[in-house]
Structures are given as C-alpha cells and as structure tokens.
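So the structure is just underneath, and the comments pick up after that.
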Amino acid sequence: MTELRPRGRPRSTGTCVFCGEHRLLPGRSAAGALLCRDCAGITTTLTCDRCGREAERLRGGHCARCVLTADLEHILRPTSPADLRIKRLITILAAVPRPESVLTWMRNPTTADLLARIGTRELQLSHPAFDALPPSRIVEHLREMLVHHHMLPSRGDPRLARFEIWLDHRLTTLQSTPEIHTPIEQFARWHHLRRLRELDPRRSMDNAARTARQEITEATKFLTWLRSEHHISIAQLRQAHLDAYLSDGTTTRHAIRNFIQWRHRTGIAARFTIRYRTARSTPLVSSARRLELIRISIEADHITLSTRIAALLLLLYGIPVRRIAELTRDDLDITPTGPTVRIGTLPAPLPEPLLPLVQQYLDSHANQQTTNHNSHWLFPGTRAGHHLTEQSLMKRLRLLGIDIRALRNTALHELSKEIDAASLAALLGYTPDTMNIHATRAGTPMGSYPTTKHPTR
C-alpha cells in the first residue's frame, strides 16, 4: 500500500502523478511523487475564502495574493479616480508569480516607510521626488519597477542616473575644501559624466560607472594626501610627489593615472609620468582542476541552476563574467545539431551532454517570481528589467570555488591549442590579437603570427 503524507508548506503547483490534474501539490507519496490534496488524503482546507483559489491559506483564511492585495490597498489608499498609477502599482505587485516574496519585501523597514509615504501622498511618483530620497537599493528597486511598468517615464539608463546622484552627493561633501572640490568636479563632470552620457550602448554601463567611481574616489584620496602630507594643492604637484604616492600604499592608487593624464590633455596641467600597473604573472590552474569544476557544475544538484550554467560558460569558453551576465535567453539556443550559445559573431556549440541541463534551465524561471517576471535576460536580476550584475555573478562563482581570472586564462589557453585565433575570436567575441596572445602563451605553433585580414570582396 502506498504511504501518503503532507510535505510541508503547500506552495508549488503542477500535475498530480495520481490523477493527472494541474493543482496545488501539498502531498508526497513514499516514492517522493508530488500529489494533490485529494490524492494525498489531506483534509486541511486549502481554498482561499476570498478568491476561491486553491492555495495555502496565509492569514484569515486568505491566500498570499489576497493578503498582499489587501495590505497594499490599506497602505497605498487608492481612493480617488485620479489614483490610477497607485491602483496599477497594486495590480502589478499582486500579480507576481510568488506574492510571498513581495510580502517579505514589504517587511523591510525602508520599504514599509516608502510605501507608507506613497500612501499618504507625501512621496509623489516622480523622479525628482525619488532623487531627493537618501540613496539606497530599495529606493532604486522601486523606482526601476515603476519605470519598467510605465508608471514613471524612462530617463535613459538608470545606472547613469544612479551615478549622477552619487556624484552630486560626493561633490557636496567636498565643498568645504575648494582646492579638492574644483579639480574633482572638473574631472568628474567634464570627463566621466560626459563619457558615460555618450557611451556606446553595446558597452557595459555597470563597468564604466564603476570605473568612474573608482577613479574619482582615488583622485580625491590623492588630493587629500597632497593637502594633509605636503600642504599643497594639485597646482603645485611635482613628479616626486607622484612617485612617492605610487610607491607606497595599495595598488588601487594607480587609478589616479587617468586623472593626471586628463589634466594634461585638456591643458590644465603639465605632463607627468605614471606607468601602467602590469600584472606580474598570468595565473593559471591545472587542466585537471578545470575538468573537476566542470564535473561539479554539471552534477551538483544542490547548487542553483543559474550558477551552474554561468560557471560552465566560464569554464568551457573563458567568457568574461560581464558578457555572461549580459546574455539573453535568445543567445542560448537548442538546434537540431545540439545546444549553442551566441557570444561572438558565430554561435559556439555546447557539448551534447549539457543539453538536459540547458533545457532544464530554459524551462525554469530564475529570479522571475517577483516584479522581473517575463524577463528576456538569461540571468535576470531581482530588479525589474535588469540582468544579474557582474559583481553578483562573480560572487556566486567564487563561492563555487572558481578562481575567475585563472580559470578564464586556462580555458582560453586550452581552446587556443585546438582552434585557430581568428575562428576562436569569432566564436568568443575576443579580438584576434587577444587570442594570439593566449595562443603564444600556450605554446601553440605560430600563435604569435598576426591574423590575416581578408580584403573585402
């Protein structure tokens, strides 16, 4: 006789293996099969008293979606006919595939305060109103959700807007020291902000904005050092000051190079010498370690599927993590000859044994149980309309035991032994010169030869 038992909190739905109906699956057979309430013999009421939907009763006999709707209506108070955007916000939040996630989000004190201020109309749904708030991830998450669902107008790349807010705040803190504030404002606004506004959409705004922040921050530290240690401003800078600053301290001090050179290019200051900081070695791992990590990524069911897919793309092809994060679902394809991933100008074939894993991931809905559902990104982030950030993906890969730089180098070295530099560049999106460098380091014959450029026909 088959033993039937409940399996904990009944949230998932699917096809019951006994009756074949698509229902809530709160039961489990002795063999582990998921069962509906009737087939499992569960007598607990699992029907919402408000909407009649079969679901876990969360509060007062109501399901999570009805509880969420009631809470939002109580907080946001959509009473007048003019509150169309408030009503739409409630509809959007209550329609997510997993409403429990929004209830958890609402318990955050910052979220609760924002929603309460929207409910009292103290906080208007406008960009200037959000700009006036203290910067935080929750503020930007809510703003981007409003933009994504057309409740706020789009004002270009939100990452650029976040950079502008960060820059205004940083410059405000420097106003008491004009000898630091003025050169930093010139560098930040005339160089970085203008460059970000003109950025090619094919490039990563995340990387560009992060680089700008680092260079501005390091330049500020340098000017502070000049002021506190030598009691001078940037106008009295000498080569000896630069040499002393760069020879002592962390390697991040070399990030002032662009600041110093920009001042010379614009005619503000004289020319100074700052050498590039070069890597002392090219880190690598053994082929055995790379193969072991590939095996772990394929077999480790306890690891998030999205992390395993991203790890395999890095381990197999040495793709930059930034490029992995920016892939769309259309870039990963199942063809009659097997799965492929489009990274460069040509689709790169994935090994046939990965087909079940790839298909399973394409059928899944990672990070799409909240306001980012129906995302076209292969690795959607938690913010509406955005992919997972490069930094978040790097953190996941490192937790898996992956030395990103060393394994990327190893993958490219191994591939350069099997495929010529030009073809490899077309598959992986690198330049032929970059692949020639890896081929040379890998000891590939003729690896350092320049790639032939065919004339246009």
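For the Cα atoms of the chain, what angle does the longest principal axis make with the long axis of helix 158-173, in degrees from 0 to 90, nearest 10?
On a 0 to 90 degree scale, this one is about 60.
Percent of accessible area on the chain owned by carbon and sulfur, 1.4 Å probe?
Here it works out to 52 percent.
Rounded to the nearest Å, what's the spacing between the alpha carbon centres of the stretch 99-133 and the stretch 374-392? Just the number, please.
Answer, in whole Å: 22.
What's log10 of I(q)/I(0) for the chain at q = 0.07 Å⁻¹, Debye sum over Cα points only, no solvent?
-0.53
Please report the base-10 log of the normalised intensity I(q)/I(0) for the stretch 105-155, using a Debye sum with one equal scatterer per alpha carbon and no solvent, at each q in 0.22 (1/Å).
Log-scaled intensity ratios, in q order: -0.81.
Kindly express, to the nearest 10 degrees and within the range 0 to 90, the angle between helix 404-416's C-alpha long axis and the longest C-alpha principal axis of the chain.
The two axes meet at around 80 degrees.
Just the number please: accessible area per residue for the chain, 1.4 Å probe, all protein chains included, in Å².
54 Å²
Once both axes come from the Cα atoms, what is the angle between helix 137-148 and the longest principal axis of the chain, in degrees from 0 to 90, rounded to 10?
Helix 137-148 sits roughly 70 degrees off the main axis of the chain.
Taking residue 87 as the anchor, which aspartates and glutamates have their alpha carbon closer than 12 Å to its alpha carbon, excluding any fewer than eight residues away along the same chain?
Cross-link targets: 73.
Taking only C-alpha pairs under 8 Å that are 6+ residues apart, what is the relative contact order of the chain in percent?
10 percent
What is the Cα centroid distance between the stretch 274-351 and the stretch 189-266, reported in whole angstrom?
Distance between centres, Cα-based: 33 Å.
If the cut-off is a Cα-Cα distance under 12 Å, which aspartates and glutamates reach residue 221, setting aside same-chain residues fewer than 8 apart in sequence?
By straight Cα distance, residue 221 reaches 229.
Around residue 48, what is the net charge, scoring Lys/Arg as +1 and Asp/Glu as -1 over all other residues with Cβ under 13 Å from its Cβ?
Around residue 48, the surrounding residues sum to +2.
If you take the Cα Rg of the stretch 1-149 and divide it by 2.2 N^0.38 Å, with N the number of residues, what do you get?
Output field value: 1.32.
Can you pull the Rg over Rh of the stretch 197-349, Cα-only, Kirkwood?
Result: Rg/Rh = 1.13.
The values are calculated or read from the model by the stated rules, or taken from the named source; none is laboratory data. Quick caveat: nothing in here was measured; it's all calculated off a predicted structure. Heads up, the Cβs are rebuilt from the backbone with ideal geometry, glycines too, and the neighbour counts pull from every protein chain shown. What goes into the accessible areas is simple: the full protein's heavy atoms, side chains included, and nothing from ligands, DNA or RNA. Shrake-Rupley method; radii C 1.70, N 1.55, O 1.52, S 1.80 Å.
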